[in-house]
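Input: a single structure, listed below in structure tokens.
The values are calculated or read from the model by the stated rules, or taken from the named source; none is laboratory data. Predicted model only: the values in this text are computed from it and were never measured. Glycine also receives a Cβ, built like all others from the backbone with ideal geometry; neighbour counts cover every protein chain displayed. Only protein heavy atoms, including side chains, enter the accessible area calculation; ligands, DNA and RNA are left aside. Shrake-Rupley method; radii C 1.70, N 1.55, O 1.52, S 1.80 Å.
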Amino acid sequence: MDLDSYLSQSEIKELGLKSVGRDVKISKRAVFYSPECIAIGAHVRIDDFAFLSGGNGIKIGDYVHIAGYSALYGKFGIEIGDYVNISSRVSIYSTSDDYSGEFMTGPLVEAQYIHDIGKKIYIGSHVIIGTGSVLLPGAILHQGVAVGAMSLVKGELLEFKMYAGIPVRYIKERRKDMLKFALEGGGKRLIIKLNSRYESVIKSSYPPKYRIVF
């Protein structure tokens, strides 16, 4: 992307985000709803036509790339760790209509006649999600998960494993070399700060000489 395609620092400030770190690049063509509910870390890039709806809160860590045409629906909350790559046209839904037929559907119907099904989505650090994939409410992608293109994710995916398919199925183990590179100077500070939800994974992944903050 051309540098002129990004918002200036003053324009980013005018978005009214809950918080934003340094070295953040946001396309002028990206769309934000309820920006006051969206927190963005440092070294983040959000590309053309990405759509983020803050809802109950979207929290984005450091070194995260959200590619073009991706959509994040945060009505019930979305939390994203560090070093996460979300490829183009990925859709992340923390909410869904009720398909049972017991209620009406759609945003134009009065609230008393619809039933939202929703649950917060967690995406751990060092996760990569392939193009065209869909995450459904309640999806949990633990640290190091890789999701292949055009996949459907629901439920919990275990750390450092590769998945693909509709719905996703386990493919094989994923290497952990990226952890070493991050600590050796791939950009991340030597004090590792991640959500305590992944405490057991973190302690088993990082060498003891590095202090871990939860």
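Counting the residues of the stretch 90-124 that are open to solvent by 40 Å² or more (accessible area, probe 1.4 Å) and among the polar types (S, T, N, Q) gives 3.
Screening L158 with (1) modelled with pLDDT of 95 or more; (2) open to solvent by 60 Å² or more (accessible area, probe 1.4 Å); (3) in contact with a strand residue (DSSP E or B) (Cβ under 6 Å, 6 or more places away or on another chain) gives one miss only, at (3). Considering only the stretch 13-33, state which residues are surrounded by fewer than 17 Cβ atoms within 10 Å (Cβ to Cβ) and not basic (K, R). Matches in the stretch 13-33: E14, L15, G16, S19, G21, D23, V31, Y33.
For beta carbons closer than 9 Å, sequence separation of 6+ or different chains, a first residue in the stretch 133-151 that is within 18 Å of S70 (Cα to Cα) and open to solvent by 20 Å² or more (accessible area, probe 1.4 Å) and a second that is among the β-branched types (V, I, T) and modelled with pLDDT under 95, the qualifying pairs are P137/I117.
Kindly indicate which of I58, I40, I46 is of a type in the set (V, I, T) and either in contact with a Lys or Arg (Cβ under 8 Å, 6 or more places away or on another chain) or surrounded by fewer than 19 Cβ atoms within 10 Å (Cβ to Cβ) (or both).
On the way: I58 fails: either in contact with a Lys or Arg (Cβ under 8 Å, 6 or more places away or on another chain) or surrounded by fewer than 19 Cβ atoms within 10 Å (Cβ to Cβ) (or both); I40 fails: either in contact with a Lys or Arg (Cβ under 8 Å, 6 or more places away or on another chain) or surrounded by fewer than 19 Cβ atoms within 10 Å (Cβ to Cβ) (or both).
After ruling out the rest, the residue left standing is I46.
Okay, residues lined up against (1) in contact with a Ser or Thr (Cβ under 9 Å, 6 or more places away or on another chain); (2) at pLDDT 95 or above:
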site	(1), (2)
L15	no, yes
I26	no, yes
V44	no, yes
F49	yes, yes
Y73	yes, yes
G77	yes, yes
Y93	no, yes
P107	no, no
